[in-house]
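Here the structure is laid out as structure tokens; the discussion comes afterwards.
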Amino acid sequence: MSSPARRRISAVVISRNEGKNIAACLESLRWADEIVVVDSGSSDGTPEIALRYTDKVFGIPWKGFGPQKQAAVELATHDIVLNVDCDERVTPELAEEIGKILSGPSMAVAYTVPRRTFLGGKEIRHCGWHPDRTTRLFDRARARFSPDLVHERVEVSGETVPLTGHLLHHSFSGIGEMILKIDRYSDLSARQMFERGRRCGIADLTLRPAFAFVRTYVLRLGFLDGVEGMVISATTSWLAFAKYAKLRELEKSKGKDRA
């Protein structure tokens with residue numbers, strides 16, 4: 001009895017001004033049958049770098065993380081999809097594990113992948129950053145990205161199975177990058193909350209940031225990550241404050257528009 005034919009897989013990546021990251025990301029995906037890159041207006045040569053690895057490079061205006069990733073999924077040729085961010089790398093162990101699944105007799109609808117996350121050159125083992133499982137491998141016929149502007153997730157109709165191979169997540173080179181990303185994420189989070197009818201109260205501006213620090217630094221053992229753990233805890237607190245402060249500004253702005 002002959003073994004089943006190996007399933008084919010598309011790796012999908014979204015990008016915007018990721019010139020310093022995308023080459024290493026795509027290099028770790030060379031084993032995939034296809035690489036699809038959806039870029040949203042990069043000005044640093046990101047699309048040109050991507051074209052060294054694939055001819056499937058598309059320009060689509062930014063719609064939010066969920067819609068952008070789903071657009072990449074829909075541009076893929078194959079139903080089995082692996083989503084990877086530009087600041088991530090697929091380890092050889094994970095690539096081998098996925099290869100065995102593709103050659104196996106059956107597949108689950110989706111698989112979660114653990115991430116090893118780095119701040120600068122240091123791996124973060126606490127702060128809620130490890131193992132940081134996220135659904136990245138799935139059958140697009142039975143799973144899709146949520147429409148969320150930020151904190152998107154894969155909505156799965158069926159079984160989800162954990163993998164053991166890791167993604168390497170080189171999230172930030174330092175605090176400067178963290179602050180820039182916090183500004184972008186807090187903008188999107190505030191907009192998303194406002195559109196869903198969420199409003200800002202005084203506790204959101206006082207208690208939530210304080211609890212975010214305590215949860216990250218104490219409850220999630222961030223203090224064991226040294227100075228980096230302190231930095232992560234403080235910036236997590238700042239993100240909690242910034243998104244609610246921006247939500248309040250949106251409320252006031254829309255109130256003036258209606259006046």
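Taken together, the values in this text are just the output of simple stated rules run on the coordinates, not laboratory data. Not measured: the values here are computed from a predicted model. We place every Cβ from the backbone using ideal geometry, glycine too, and count neighbours over all the protein chains shown.
Structural remarks
Quick grid of which residues meet (1) more than 22 Å from Pro67 (Cβ to Cβ); (2) touching an Asp or Glu at 6+ places or on another chain (Cβ under 6 Å); (3) surrounded by 15 or more Cβ atoms within 10 Å (Cβ to Cβ); (4) free of Cβ contacts under 8 Å to residues at least 12 places away in the same chain:
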residue	(1), (2), (3), (4)
Leu119	yes, yes, yes, no
Leu137	no, no, yes, no
Ala143	no, no, yes, no
Val150	no, no, yes, no
Glu177	yes, no, no, yes
Tyr185	no, no, yes, no
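- With respect to the conditions (1) without any contact (Cβ under 8 Å) to a residue 24 or more places away in the chain; (2) part of a strand (DSSP E or B), Ser106 lacks only one, and its number is (2).
- Selection within the range 187-202 - of a type in the set (Gly, Ala, Ser), more than 27 Å from Glu123 (Cα to Cα) and surrounded by 19 or more Cβ atoms within 10 Å (Cβ to Cβ): Ala190
- Any hit, the range 203-224, residues being in a helix (DSSP H, G or I), closer than 17 Å to Glu123 by Cβ and among the acidic types (Asp, Glu): no
This table checks each residue for (1) in a strand (DSSP E or B); (2) more than 19 Å from Thr77 (Cβ to Cβ); (3) of a type in the set (D, E, K, R).
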| position | (1), (2), (3) |
| --- | --- |
| Arg6 | no, no, yes |
| Ile14 | yes, no, no |
| Glu18 | no, yes, yes |
| Ala24 | no, yes, no |
| Trp31 | no, no, no |
| Ser43 | no, yes, no |
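- Checking each residue of the range 20-38 against the condition of being of a type outside the set (A, V, I, L, M) and within 15 Å of the chain's Cα centre (by Cα) gives at least one match.
- Count - residues of the range 95-124 that are basic (Lys, Arg) and touching a strand residue (DSSP E or B) at 6+ places or on another chain (Cβ under 9 Å): 2
- Residue in the range 49-61 that is more than 25 Å from Pro162 (Cα to Cα), among the small types (Gly, Ala, Ser) and either crowded, with 17+ Cβ neighbours inside 10 Å or in contact (Cβ under 8 Å) with a residue 24 or more places away in the chain (or both) present: yes
- None of His126, His130, His169 is out of contact with any Phe, Trp or Tyr (no Cβ under 6 Å at 6 or more places or on another chain) and assigned to a strand (DSSP E or B) except His169.
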